[in-house]
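Derivation of every value follows stated rules applied to the coordinates shown; laboratory data play no part. Please read all numbers here as calculations on a predicted model, not as lab measurements. Positions of Cβ are backbone-derived with ideal geometry, glycine not excepted, and every protein chain shown enters the neighbour counts.
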Amino acid sequence: MTTDPPWSLAARVVLPVDHDEDVLPLYVEYGRRYAGRDDRFDTISRQWGTEKGNEPPAALLLTEGHSEDILSRTSLMIRPGSRASFATYVNAFPASYWRRWTTVDRVRFEVCAQGPATVHVYRSNARGASIRLHSLAIPDTGAGEPTAVHVELDLVPFADGGWYWFDIVGGSKAAVLRWAQWWVRGIPQREARLSIGVTTVDKPEYVRRIVETVVGDVELREHLDRLWIVDQGGRAVTESPGWDSATAALGEQLTVISQRNLGGSGGFSRGMYETLTEGRSTFHMVLDDDVTIEPEGILRALRFGALCRRATIVGAHMFDLHNPTVLHSFGERVDPVKWTFGPVRGVQEEHNLAYAGLRETPWLHRRTDVTYTGWWMCLIPVEVLRAVGLSLPVFIKWDDAEHCLRAGAAGYPTVTFPGSHVWHVSWNDKDDTVEWQAYFHQRNLVISALLHSRLPHGGGVPRASIEWLFKHGYSMRYYANAIRLRALRDLFGGPEHLHASIGTILPELRAVAANYPDVQARPDADAFPAPDGEPIGPAPRLPKRSRLLLWAAKTAVRHLRGVAPGSSEAPQLVIPYRYAMWWYLSQYDSAIVSKADNTGVAFLTRQPDIFRAQVAEGLRLHVRLYREWESLAAAYRAALADVTSPQAWARTFGLADEVAHPDD
């Protein structure tokens with residue numbers, strides 16, 4: 001006699017915390033919407049983009065929602081004759097991901113509403129076509145009693161993509177959606193017990209809000225073993241206003257650990273280490289500090305992970321904190337030749353779901369398979385940590401991608417899971433290639449390629465690194481080049497330098513900045529002499545590809561020659577950050593350039609002696625890198641298990657290793 005697998009909750013249909021209208025389109029849409037691109041959107045988008053240089057306002061396209069109709073976290077008033085659709089990022093059911101990765105074979109949709117209303121259930125395919133499957137009548141009982149109905153659905157037609165969702169249409173008078181839920185039938189492979197590790201440096205207000213959100217979700221707290229706050233800053237989170245009242249309800253579920261600043265990899269590894277030491281949880285979640293979380297998204301990742309056939313890393317999507325309906329990262333990959341990270345082919349970054357939602361965006365219906373996921377929020381099975389180790393000790397940059405690549409090589413896949421997400425400041429408001437982070441971009445990219453690239457000499461890695469040497473030189477970004485060259489020198493020191501330097505490297509990099517005016521920012525341009533030419537130059541134009549090599553050679557010769565008289569005393573022009581491209585800056589001997597986050601400006605001057613010395617050293621180091629690639633790769637690969645082990649990290653934390661091992 002066979003027994004059917006058990007049913008378990010996959011997702012609750014939820015509405016925004018605090019009735020936040022800014023994110024409402026991610027949860028519910030209003031009015032009649034159709035699959036495929038909306039002609040009104042295309043027409044108005046072109047007109048608006050031409051005339052205003054911006055996207056069309058949502059009011060021109062969509063029926064406006066009403067936050068006052070949100071009655072609770074799970075209930076919504078439906079006005080007479082109106083239509084509310086849950087074909088949204090947060091509340092649609094990503095069927096293809098469940099089919100591909102889990103033991104689930106059936107889905108059950110349950111809805112409870114107070115009529116009169118009709119609930120229409122839809123599915124899509126990988127092309128984004130919309131198919132109506134069922135219509136469920138919610139009667140008007142007259143007594144105000146809600147009616148619960150359900151329908152069972154299968155996962156057969158979702159091999160390459162597709163979602164389920166529902167719309168609810170009001171009748172002759174107001175109706176109320178009380179709740180709706182998606183259930184799945186499958187055999188759990190591991191218990192859903194969770195610890196969360198938040199790494200923070202001087203962001204106590206963000207961390208307090210994270211704690212408050214966790215406290216406010218009863219179900220999340222039922223699954224939570226421990227919330228580790230790893231505080232690596234100078235402003236203690238425990239001393240921030242409101243901390244005691246915000247955290248009181250967590251009691252022993254919360255532990256704050258203070259340690260020296262070991263970067264993201266050191267902070268996240270401390271949380272991993274503590275979870276392994278405690279030995280209670282089946283999953284550990286890494287969570288950035290400067291994020292806004294949706295607690296239901298954490299629970300969905302946990303439920304999904306518990307039902308995955310193999311232990312699977314479950315990543316979250318990233319929305320732009322400053323533009324909260326903009327989906328900034330939906331799926332990431334490492335290019336095997338260039339060894340750069342970026343979006344999976346066919347995925348659009350910065351896609352605004354307020355203008356083009358799930359039904360209007362065909363590429364969202366294709367299942368997106370990834371090679372890694374960002375550590376803004378990521379759920380890692382504890383068995384994966386035991387099998388492959390903790391983070392590589394690289395301070396910041398590439399720690400998340402490298403860990404996923406390492407896990408993938410050991411047979412543990414990574415899935416970036418729809419409905420699990422955070423709001424995080426996008427990298428469009430940063431430029432960490434020209435300040436102290438440039439050291440880690442250079443060193444850690446090469447280390448990850450040494451560890452995981454299958455191509456001789458790392459494929460395109462040395463060439464791309466040389467290109468950056470010249471781009472920074474042409475841009476008068478001499479500090480970035482100085483620390484990138486140091487990164488290469490440190491690289492040749494072998495894997496032993498990783499733990500040894502992780503706690504000291506940041507202040508050393510910041511000290512070097514004192515020698516380079518290009519990173520010494522002032523509040524505004526008035527802090528410097530006025531430009532001696534045009535205040536703002538023309539818009540940049542990249543040389544034609546056919547002439548790029550010749551142009552680059554001529555530019556290199558120019559940068560070896562002397563500068564124009566007076567250009568080091570007064571800037572030739574002021575350049576907004578959006579125009580500060582390497583090929584544009586290369587035309588000038590000096591300029592005032594704003595920072596990416598618009599908090600200040602710096603005075604960049606061309607310095608031929610520095611350019612000559614950096615290019616000469618850079619070429620020597622890259623020749624050495626090419627020649628020694630295979631021996632370096634062998635050394636880093638041989639040391640990987642040790643440098644990522646809990647024991648090695650315990651020594652760096654200043655602890656006696658207490659992690660229990662299955663063979664002990």
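The value obtained for the chain, namely the Cα convex hull volume divided by the number of residues, is 186 Å³ per residue. Hey, what did the chain get for relative contact order, percent, Cα under 8 Å, at least 6 apart? The value is 13 percent. Principal-axis analysis of the Cα atoms of the chain puts helix 399-409 at an angle of about 70° to the longest axis. Under 5 Å from the amide H of Tyr89 lie the amide H atoms of Leu358, each residue being 5 or more positions distant or on a separate chain, with H modelled from the backbone and absent for Pro and chain starts.
Peptide packing: for 25-32, 586-593, the average count of neighbouring Cβ atoms within 10 Å per residue gives the ranking 586-593, 25-32, highest mean first.
Residues in region 326-334 carry Karplus couplings, in order, of 8, 7, 8, 9, 10, x, 10, 9, 9 Hz; the curve used is 6.51 cos²θ - 1.76 cosθ + 1.60 with θ = phi - 60°, and Gly or Pro positions show x. When peptides 545-552, 442-449, 333-340 are ranked by their average number of other Cβ atoms within 10 Å per residue, the highest-first order is 442-449, 333-340, 545-552. Rounded to the nearest whole Hz, the Karplus-based 3J(HN,Hα) values (6.51 cos²θ - 1.76 cosθ + 1.60, θ = phi - 60°) of region 10-23 follow the sequence 9, 7, 8, 6, 10, 10, x, 4, 6, 6, 5, 5, 5, 10, with x at glycine and proline. Lysine pair count for the chain (Cα-Cα distance under 16 Å; residues 8 or more apart in sequence or on different chains): 4.
Can you give the % of DSSP beta bridges in the chain that are antiparallel, to the nearest 5? Bridges in the chain that DSSP calls antiparallel: roughly 75 percent. Relative to the longest principal axis of the Cα atoms of the chain, the long axis of helix 438-452 makes an angle of roughly 70 degrees. Rounded to whole numbers, the Karplus 3J(HN,Hα) couplings from phi for region 581-591 are 7, 4, 6, 8, 4, 5, 7, 10, 9, 6, 6 Hz, using 6.51 cos²θ - 1.76 cosθ + 1.60 with θ = phi - 60°, and x at Gly and Pro. Amide H contacts under 5 Å for Ala11: Trp182, restricted to partners 5 or more places along the chain or on a different chain, H placed in the peptide plane at 1.01 Å from N.
Of the peptides 172-181, 90-99, the ranking by mean beta-carbon count within 10 Å, highest at the top, reads 90-99, 172-181.
The C-alpha atoms of the chain define a longest principal axis, and helix 295-307 lies at about 80 degrees to it.
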